[in-house]
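Rule-based calculations on the coordinates, nothing more; no lab input. Because the structure is predicted, anything quoted here is derived from the model rather than measured. For neighbour counting, all protein chains shown are included, and Cβ atoms are generated from backbone atoms with ideal geometry for every residue, glycine included.
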Amino acid sequence: MIFIILVIFYFIILILLGFFAHKKTKKTPEDYFLANRTFGPFILFFTLAATNFSAFTFLGFAGKAYSSGFGQYGIMGFGTGIMALMFYVIGRKVWKLGKEKHYITPPELIGDRFNSISLRLLFMIVMVIFTIPYLATQAIGAGLLIQYMTDISWQIGAIVTMFVIMFYVLSGGMKGSGWTDVLQGLIMIIAMSVAVVFVAINLGGFEAANNAAYIVNPELFTRPGGGEYFLPQIWFSFMLLWIFADPMFPQIFSRFYTAKDEKSLKMSMVLYPIVVSFLFLFPVLIGVWAHGAGIEVAVGSEDMVLPMMVATYTPSFIFAFVMVGALAALMSTADSQLLSLSTMLSRDIPINKKKISEIMFGKILIIILSFFAVLFVIGGYDPNVGIMGTLVSTTFSGLAVLCPTTIAALYWKNATKYGCISSIIFGEISVFLFQFKLLPTSGFLSAIWGILIAIIVLIIVSYLTLPKR
Amino acid sequence: MEEKELKKLPFWFPTKRNVIWYFLFVFLFILSLDFWNWGSSDPMLFGLPFWVYYLLFLTLFTSLAFYGFSKYYWSKEK
């Protein structure tokens, strides 16, 4: 009951923020889709963080830590922290070019740099294809949480959550998304902190909780960890993967355009590792502690270990608040994905939109995409794979392949459109071949091979197709 | 190095201005591949293995490195 009241209260605040953002948004594409490039350090940092931290952060981390141990903290914490260097490498240039040339979407910049509609479309298609499953994953997470907390079925929970997201994104655009991200970011940080403190106290203290888990399952405290998951190749792969994959999320890439100035980007870069250093440790601790606490989780349901632990070891109002925090993590990612997908589809597809404004077209797409995500939820979810498995096998690898093209577009004057197109196509094909073990991975993630092949193809084809001077 | 020679270098090649930052970030990345800690959970502090603290402080140090980078390199870039 407390959870339902908190969720209703939380949803009302989100809708009000969306409504308020609507009042403050002018009817220009730049204002609706990019908040007129006015996000200062505070909003930019929170929106970059809340957008990136998702269902995966709350539920997936704890689930993976439950099965494989503390190694999960290493690959996520440091890997995401050092990724923030890309706020300089990619973010700064994207922000500058966006301001000068009024770019709104990522494919717009890439296509314009090489004067190629084909490359722009290809870049957009890859971003869209690999983001839709990720959007659906957020909705699935929300549905599962609501089902766990109430008698409402997970499908209904997912649909209601998507509807609320759709409403405040529709009305508030990027301002709505950014402002709600600040609220959602704060809720998730406070909720995770409160959760870990209460669980630790009720397990007899921090050290006692660790010791109890160590006695039951000591391999979780070493690497390669449970199921020998964290082999050196996997460790290396993940440390590198986030650097290439995270900035290629369209919702992160688009946010580089929204920065008010370079100071905002700098501040976000410095604060990012600080937040992940502790925030990512908390769900991992709870996941590992579940062993010492005697919590039994069925195979395939590891992602529910965090709700189970918090339900068992915290008072009911804290439990309800923590679950709202998890919901905030899911929703802050989903709203940004929804907006960035609709922005790309409304702007990057070369169709005649004379009879309808670009903003209206974007809004129609937000509605269509929301329904599409719901259909994906109902029709395509395989719980045996888990959030981690679903995401790593599709979104991260597929998007990371775009990074070499982006860096070449920003820095390498000898890069050609043919080099970039080939790089993306061969990169994606190789990800597929390695993912399904048609080629040997030697223990590395398929994404690493995809990135490597994308770089090699980009260089070779660019030199082969370089115009003669 | 002459400006002409500098222009011939690949875009990713470290220059005199950024070489320290270049190697610092590569060094931090290498430090994150702490394979020497594999198979061990000792010593433990408050029940947590040493290598977890190591990664935590490495992440915090990365933030410090970013602060230095943004103050002394990024700010001076045109």
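What the table below lists for this structure:
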item: Inter-chain Cβ neighbour average for residues A:262-272, partner chain, 10 Å; result: 4
item: Gyration tensor verdict on the stretch A:245-289 (Cα atoms; rounded if a/c is under 1.5, prolate if a/b is larger than b/c, oblate otherwise); result: oblate
item: With Cα atoms, 0 to 90° folded angle of helix A:316-348 axis to chain A main axis; result: 10
item: Whether the protein assembly as shown is rounded, prolate or oblate, judged on the alpha carbon gyration tensor where a/c under 1.5 counts as rounded; result: oblate
item: Stretchable slack from residue A:463 to residue A:1, in nm (0.36 nm times residue separation minus alpha-carbon distance); result: 159.9 nm
item: Ranked A:102, A:22, A:291, criterion: other C-beta atoms within 10 Å, fewest first; result: A:102, A:22, A:291
item: For the stretch A:179-250: rounded, prolate or oblate by the Cα gyration tensor [a/c cutoff 1.5]; result: oblate
item: For chain A, calculated [θ]222 nm from helices alone, where every DSSP H run of n ≥ 4 adds -39500 (n - 2.57); result: -24500 deg cm²/dmol
item: Contact order relative to length of the stretch A:2-385, as percent, for alpha carbon pairs under 8 angstrom and 6 or more apart; result: 38
item: Rounded tilt (10° steps) of A:154-202 against the dominant C-alpha axis of chain A; result: 40
item: In nm, spacing of pseudo-spin labels at residue A:437 and residue A:216 (7 Å Cα→C-beta vector); result: 3.1
